[in-house]
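Beneath this line is the structure, given in structure tokens, with notes to follow.
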Amino acid sequence: MLSLAVMGLFYDILNSPERGFVVLDSPLDRIIPYVPGMSIPYLGWYPFVFGVLAYLCAKDRLTYYRVLLSMNICVWICYLIYFNFQTMVPRPELTGTGLGASVLGWLYSQDRPYNCFPSIHSLHSYLVMRAVLSVPSIRKPIKILVAAGAATIIVSTLMIKQHVIYDALGAVILGECVLTIITGLALHRRRRKESKWTEGIS
């Protein structure tokens, strides 16, 4: 899992408007309410993703490796997109004085409004949810809890105006494609090994 932390070092290098940028939005983004309090589940992304990965590592090591590899590949793809197609999400004026507004103010000061498409927050949340849902031995209540956590984090990226709909959709599509390819290649390799073993016996 340290690979994800190392990959994160490159994020700030690309998080700038120096290469130009575009603004992606849709009519739906203008309807989605601005809720500063959703900054709290947004920051919960860090313990959520690493906690679910640790749980996967204990429950199903092969699925853990597949999703971790998928996450690293997806992040590299995101970085290539950020470098060649930088986007920016205009931020609203901060309002309110509660905990949510304070957390959001700190968040805005730490993370510039670039590197938006695809959303890495949505990407990682979706991938760990997808992995958990694919493991038969994981109990249904755990799957529901993880799915609810992932959905809340993805929605939070939209409600604090850190990302737009296209960022979240792009992340889900990218994550699904890469994870499907990695899983397919792993199953193909396993079948080839089993086939060779069977041929050796016969």
**OP:** Roll a 1.4 Å probe over the protein chains and send me the accessible area per residue for the chain in Å².
**Re:** 54
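How much FRET efficiency would the formula 1/(1 + (r/R0)^6) give for residue 15 and residue 101, where r is the Cβ-Cβ distance and R0 is 35 Å, rounded to 0.05?
FRET efficiency, residue 15 to residue 101: 0.95.
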Original post:
Which of the trypsin sites (Lys or Arg not before Pro) found in segment 10-113 are loop residues per DSSP with 14 or fewer other Cβ atoms within 10 Å of their Cβ?
Top reply: 19
**OP:** Please give the direction-averaged projected area of the C-alpha convex hull for segment 15-76, in square nanometres with one decimal.
**Re:** 6.7
Subject >> Value of Rg/Rh across the chain [Cα atoms, Kirkwood radius] >> reply: 1.04
**OP:** On a C-alpha basis, how far is the centre of segment 1-75 from the centre of segment 111-142 in Å? Whole number, if you could?
**Re:** 8
Original post:
Just from its helices, what would the mean residue ellipticity at 222 nm be for the chain, if runs of 4 or more DSSP H residues each count -39500 (n - 2.57) and the sum is divided by every residue, rounded to the nearest 500 deg cm²/dmol?
Top reply: -23000 deg cm²/dmol
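Measure off, as a whole percent, the carbon and sulfur share of the 1.4 Å-probe accessible area of segment 1-98, all protein chains present.
Numbers: 3910 of 5550 Å².
Here carbon and sulfur together make up 71 percent of the probe-accessible area.
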Original post:
Say a site is exposed when it is one of the GluC sites (Glu not before Pro), sits in a DSSP loop, and has at most 16 other Cβ atoms within 10 Å; what is then the longest site-free stretch of the chain?
Top reply: 94-202
Original post:
Counting Lys and Arg as +1 and Asp and Glu as -1, each charge on the Cβ, what is the dipole of the chain about the Cα centre in debye, to the nearest 20?
Top reply: 960
**OP:** Hand me the trypsin sites (Lys or Arg not before Pro) from segment 89-156 located in a DSSP loop with no more than 13 other Cβ atoms within 10 Å, in residue order please.
**Re:** 139
**OP:** Please work out the FRET efficiency for the pair residue 50 and residue 30, using the Cβ-Cβ distance as r and a Förster radius of 41 Å; give the result to the nearest 0.05.
**Re:** 0.75
Subject >> Summed residue charge, Cβ within 12 Å of residue 12's Cβ, Lys/Arg positive, Asp/Glu negative >> reply: 0
**OP:** Indicate the gyration tensor shape class of segment 46-91 (rounded, prolate or oblate), computed on the Cα atoms with a ≥ b ≥ c the square roots of the eigenvalues: a/c under 1.5 is rounded; otherwise a/b larger than b/c is prolate and the rest oblate.
**Re:** oblate
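The values are calculated or read from the model by the stated rules, or taken from the named source; none is laboratory data. It should be emphasised that the depicted structure is a prediction, and the values quoted were computed from it without experimental measurement. So basically every Cβ, Gly included, is an ideal-geometry build from the backbone, and we count neighbours across all protein chains shown. Areas reflect the complete protein model, heavy atoms only, side chains present, ligands, DNA and RNA absent. Shrake-Rupley method; radii C 1.70, N 1.55, O 1.52, S 1.80 Å.
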